[in-house]
Amino acid sequence: MLGKTANGLYWMFRQLERSENTARLVEAGFRMALTRQASGQNEWASIVRTAGCDDLYRSLHDEYGADRVIDFLLRDSANPASVCSVFQQARNNARMVRPALTREVWESTNEGWLCLKDLLAKPVKQSELPNVLATIRQRSAMVRGAWHGTALRNDIYSFARLGTRMERADNTARILDVKYYILLPTAASVGSSLDNVQWESILRSASAARAFNWLHGGETTPLKIADFLIFHNQMPRSLVYCCADNVRALEELAVLYGERQPSADQAQGMLNELTEQSVEGVFKSGLHEFLSDFLTRNNALGVQIETDYRFNA
Amino acid sequence: MFFNEMQDENGDAREPYENYCKWLKDKDLSSLRKKSREADAFFRRTGITFNVYSEADADERLIPFDQVPRIISAREWSRLSKGIEQRVRALNAFLHDIYHGQEIIKAGRVPESLIADNAALLPKMMGVEPPGGVYTHIVGVDLVRTGKDEFYVLEDNARTPSGVSYMLENRETMLHMYPELFSGINVASVSDYPLNLRRSLSRCAPDACTDKPVIAVLTPGLHNSAFYEHAFLAEQMGAELVEGHDLRVVDGRVAMRTTLGYTPIDVLYRRVDDEYLDPLNFNPESMLGVPGIFDIYRAGGITIANAPGTGISDDKALYSYMPDIVEFYTGQSAILENVPTWRCCEADALAHVLENLEELVVKEVHGSGGYGMLVGPAASKKEIAAFREKLKANPAGYIAQPTLALSTVPVLARSGLAPRHVDLRPFVLVSPDRIDITPGGLTRVAMKEGSLVVNSSQGGGTKDTWVLED
């Protein structure tokens, strides 16, 4: 496979994943704004931070009004991380790697882009927002579904999978990091249940509310939420799950290519360290520090993968 | 009067169209229109678009597709394909001769100045032996029709002819829309073109190739107007789609950067012009090519398809010599006729052309895509006057031809079925031991009433082309 093709596949799936995650973040924020008017601005500010585009936002706007943030995150072409921008980049990558895609994957990507381009051509009214957000999630899911159903399980599959998991781990860590102050036990809240709306927002952002409730029967504590999103090995958006899947994908590449690369060791190292820790330990030594460290290492793994598999040179 | 390919003077279906017209009789306009919208949606979804540079946001546009097929009988095709094969053989022989002994010039059949001073001649190809002796691996021969048995070659495309993806996708679309038509009518299949292309290119592998040939398609990139076609062909052939920066010269071979390091390529189907192919040997500014690829080519390390320098064979200044060229190399007179052509570099011809501008089509010798030409009967007095000055200033830059009464095939227009002018570009594959011609080709159609310009860059559309089987 061409290095360029590996690069294109990896980023195509990162971008698709990001479009879905951004839609989910907006959804969580919107819901929160509906249920409590007072903290609206704060909530939207934290969502922009989670999306990782706060600097750009502040250079363009001076307040965090709902409509403005929603527009910025969904359709602003000046924002390279807006849903519109990332889906277009995903589709351009798909065009670039077209020979590596099945017809189903290509068409679902192309149709997804055509549909979203239409949907996001004008500012989205709040009355339409739930539908628009659902469509964004569906379009990304359709590509992933077509890919699961039709892609050859070779290196094409591995690079697409790596892109998806790397982006997902990054996203989950960000959600937790921006909200970590809510999860931290304070004198006042020790032993008490978390603010309902806040914890729901965290879980919703990671599409984990239902799974969490199902596993924990409604018993919501900061420890349990953090444990679920960091350490649960069946939760497909948890850090451990994503890391373990990266290890699997890199090992498969090593077998396929008959050559083990440094990134495989790096991913294994990340996973080992994660699984040796416990949520209690993380809280004790500092959740924010833990998450910052994770994000840095996740990034470094991405860079190593790009080097190992000659994405650009 | 223009020759209507579907109907005779009495309004009855001509023989190749009989079955189709029988089927069409029961259809109403609104259901046909609905199918047209379906076809558009199909093209959009598949992403069969071309990029338009001038548009603000690099728009992707659909080439209009018309659902009424263009139908050619088995007998008509048999004659056309013989003529095409003969012409393509002659083109290859001519190229070999021009870049070697130049016997045709010595024999006085083609003027030396026309070759020696021609910008399309690539001096670096002198004496170079392309793998398998093939210069034009892929050729598009543009044909027009003016009567029942009157076909002319309008031009040859021996550099990087495009449009074959439309030929294939038009058929896919028709199969999708009207499967019942194909069970009732015996239409020759075109779908094995990509596989034939792969086989044909493989047979042209260079000496350096020791295993199954590795084939790649070289594209200028995502923003090229024909990018869709490049990606489509790579995907359909199971070849890699590469850009210049994916390639470099490694150990005497041209190699592509893979996830495992550099791997040699045997055959490069390039969709990049000669000039941009190699910044070390040609245009030093080129970012699209591979530094040093031409040296590897010359040493037999890679096959470049089509070979560099083939432009000398489809140059418009040489076009009028094609009947001589065919005869010189095949020993037979040309089966397919040339359009009568005045060479404006000759004084008599120029005088005639200047006197009859309002009736002639005048083309730039180095122009393409329907740009820079004058269609006399369709031009205003002012346009003709302006063109006259351009022509006088540089007569050698132009050729002129009579305005051909191009045949028509109906399209589904607003008012219903209405005749529009068409041409035909069959695609030809050349390998050392054989020539493959896909039955039919790409029919281009001028969508505007009365217009003779079929180029997609100027609003032309396409049709599915059927060759009937006996």
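The values are calculated or read from the model by the stated rules, or taken from the named source; none is laboratory data. Quick caveat: nothing in here was measured; it's all calculated off a predicted structure. In this analysis, Cβ positions are derived from the backbone assuming ideal geometry, glycine residues included, and neighbour counts consider all displayed protein chains. Ligands, DNA and RNA are stripped out before the accessible areas are found, and what is left, the full protein with its side chains, is counted by its heavy atoms. Shrake-Rupley method; radii C 1.70, N 1.55, O 1.52, S 1.80 Å.
Suppose R0 equals 56 Å; then what is the FRET efficiency for B:THR330 and B:SER183 from their Cβ-Cβ distance, rounded to the nearest 0.05?
On the way: r = 40 Å, r/R0 = 0.72.
The calculated FRET efficiency here is 0.90.
In whole percent, what relative contact order does segment B:343-402 give with Cα contacts below 8 Å and a gap of six or more residues? List each step's numbers first, then the result.
Numbers: 78 pairs, mean separation 28.3, N = 60.
With pairs under 8 Å counted, the relative contact order is 47 percent.
Between chains B and A, what is the buried accessible area in Å², counting both sides, with a 1.4 Å probe and ligands, DNA and RNA left out, to the nearest 100?
Working: alone 20550 and 14190 Å², together 32360 Å².
That pair of chains buries around 2400 Å² in total.
Taking accessible area as the heavy-atom solvent-accessible surface of the protein chains with a 1.4 Å probe, which residues of segment A:83-105 lose no less than 10 Å² upon going from the isolated chain to the full protein assembly?
Relative to the lone chain, where solvent access is computed with a 1.4 Å probe, segment A:83-105 loses at least 10 Å² at A:ARG91, A:ASN92, A:ARG95, A:MET96, A:ARG98, A:PRO99, A:ARG103.
For chain B, give the magnitude of the charge dipole about the Cα centre (Cβ charges: +1 Lys/Arg, -1 Asp/Glu; no others), in debye to the nearest 20. Walk me through the intermediate numbers first.
Working: 49 positive and 66 negative charges, 132 e Å.
Roughly 640 debye for chain B.
What's the magnitude of the charge dipole for chain A around its Cα centre, counting Lys and Arg as +1 and Asp and Glu as -1 at the beta-carbon? Answer in Debye, nearest 20. Each step should come with its number before you reach the end.
Working: 35 positive and 36 negative charges, 173 e Å.
With only Lys, Arg, Asp and Glu charged at Cβ, the dipole is about 840 debye.
Using just the helices of the protein assembly as shown, give the 222 nm mean residue ellipticity in deg cm²/dmol: DSSP H runs with n ≥ 4 each add -39,500 (n - 2.57), and the total is spread over all residues, rounded to 500.
Values: 31 runs with 378 residues, N = 783.
Only helices count here, giving -15000 deg cm²/dmol.
Using a Gaussian network for chain A with springs between C-alpha atoms less than 10 Å apart, which of these wobbles most: A:ASN213, A:ASN110, A:ASN79?
A:ASN213
Between B:THR408 and residues 5 or more places away or on another chain, which pairs have amide H atoms under 5 Å apart, with H built 1.01 Å from N, and which residues are they?
Result for B:THR408 returns B:PHE3, B:ASN4, B:GLU5.
Round to a whole number: what % of the accessible area of the protein assembly as shown belongs to carbon and sulfur, probe 1.4 Å?
Working: 16090 of 32360 Å².
Answer for the protein assembly as shown is 50 percent, counting heavy atoms of protein chains only.
Under 10 Å, Cα contacts only: if you run a Gaussian network model on chain A, which one of A:ASP265, A:ASP62, A:ASP54 comes out with the highest mean-square fluctuation?
Judging by the Gaussian network model, the answer is A:ASP62.
Run the reach check for B:LYS381 against aspartates and glutamates, Cα to Cα strictly under 17 Å, same-chain hits fewer than 8 apart removed. What comes back?
The qualifying aspartates and glutamates are B:GLU355, B:GLU358, B:GLU359, B:GLU389.
Tell me, which residues of segment B:258-275 get at least 30 Å² less accessible area when the other protein chains come in, versus the chain alone (1.4 Å probe)?
Residues losing area: B:THR258, B:THR259, B:LEU260.
With a cap of 16 neighbouring Cβ atoms within 10 Å, and only residues DSSP puts in a loop, list the trypsin sites (Lys or Arg not before Pro) found in segment A:1-90. The partial results should precede the final answer.
Numbers: sites: A:LYS4, A:ARG14, A:ARG18, A:ARG24, A:ARG31, A:ARG36, A:ARG49, A:ARG58, A:ARG68, A:ARG75; in loops: A:ARG36, A:ARG75.
Here the sparse-neighbourhood loop sites are A:ARG36.
Points 7 angstrom from Cα along the Cβ direction at B:ALA386 and A:ASP62: gap in nanometres?
Taking the simple label geometry, B:ALA386 and A:ASP62 are separated by 5.2 nm.
Report the FRET efficiency, 1/(1 + (r/R0)^6), for B:ASN394 and B:HIS223, where r is their Cβ-Cβ distance and R0 is 45 Å, rounded to 0.05.
Details: r = 32 Å, r/R0 = 0.71.
Given R0 = 45 Å and the Cβ-Cβ separation, E is 0.90.
Pop the C-beta distance of B:HIS176 and A:ASN213 into the FRET formula with R0 = 56 Å and round what comes out to the nearest 0.05.
Between B:HIS176 and A:ASN213 the formula returns 0.75.
Per residue, how large is the accessible surface of the protein assembly as shown? Use a 1.4 angstrom probe and give square angstrom. Don't skip to the answer; put the middle values down first.
On the way: 32360 Å² over 783 residues.
Dividing the accessible area of the protein assembly as shown by its residue count gives 41 Å².
Just add up the charged neighbours of B:THR341: K/R +1, D/E -1, any other residue whose Cβ is under 12 Å from the Cβ of B:THR341.
Values: positive: B:LYS316, B:ARG343, B:LYS363; negative: B:GLU155, B:GLU337, B:GLU346.
Once positives and negatives cancel, what remains is 0.
Using 7 Å Cα-to-Cβ label points, what is the A:ALA254/B:GLU103 separation (nm, one decimal)?
6.4 nm
Using the alpha-carbon centroid of each, what span in Å lies between segment A:127-155 and segment B:233-275?
Cα centres, segment A:127-155 to segment B:233-275: 32 Å.
So, with +1 on the Cβ of K and R and -1 on the Cβ of D and E, and no other charges, what is the size of the charge dipole of segment B:343-402 about its Cα centre, to the nearest 20 debye? It would help to have the intermediate numbers written out before the result.
Details: 7 positive and 8 negative charges, 38 e Å.
Taking the Cα centre of segment B:343-402 as origin, the dipole is about 180 debye.
Put simply, what bits of segment B:226-249 lose 20 Å² or more of accessible area when the other protein chains are there, versus the chain on its own (1.4 Å probe)?
Residues passing the criterion (a loss of at least 20 Å², heavy atoms only) are B:PHE227, B:ALA231, B:GLU235, B:GLU240, B:LEU241, B:GLU243, B:ASP246.
Take the residue pairs B:LYS22/B:LYS463; B:LYS82/B:LYS363; B:LYS316/B:LYS390; B:LYS148/B:LYS390; B:LYS124/B:LYS316 and return only those whose Cα atoms are more than 26 Å apart.
Numbers: B:LYS22/B:LYS463 19 Å; B:LYS82/B:LYS363 28 Å; B:LYS316/B:LYS390 17 Å; B:LYS148/B:LYS390 37 Å; B:LYS124/B:LYS316 21 Å.
Over 26 Å Cα-Cα: B:LYS82/B:LYS363; B:LYS148/B:LYS390.
Once you place label points 7 Å from the Cα toward the Cβ at B:ASP117 and A:ARG153, how far apart are they in nm?
Modelled inter-label distance: 6.9 nm.
In whole Å, how far is the Cα centre of segment B:83-112 from that of segment B:175-196?
So the separation of the two Cα centres works out to 37 Å.
In segment A:268-300, whose amide N lies under 20 Å from the spot 7 Å out along Cα-to-Cβ of A:ARG49? List them in ranges.
Counting backbone N atoms under 20 Å from the label point, the list is A:283-297.
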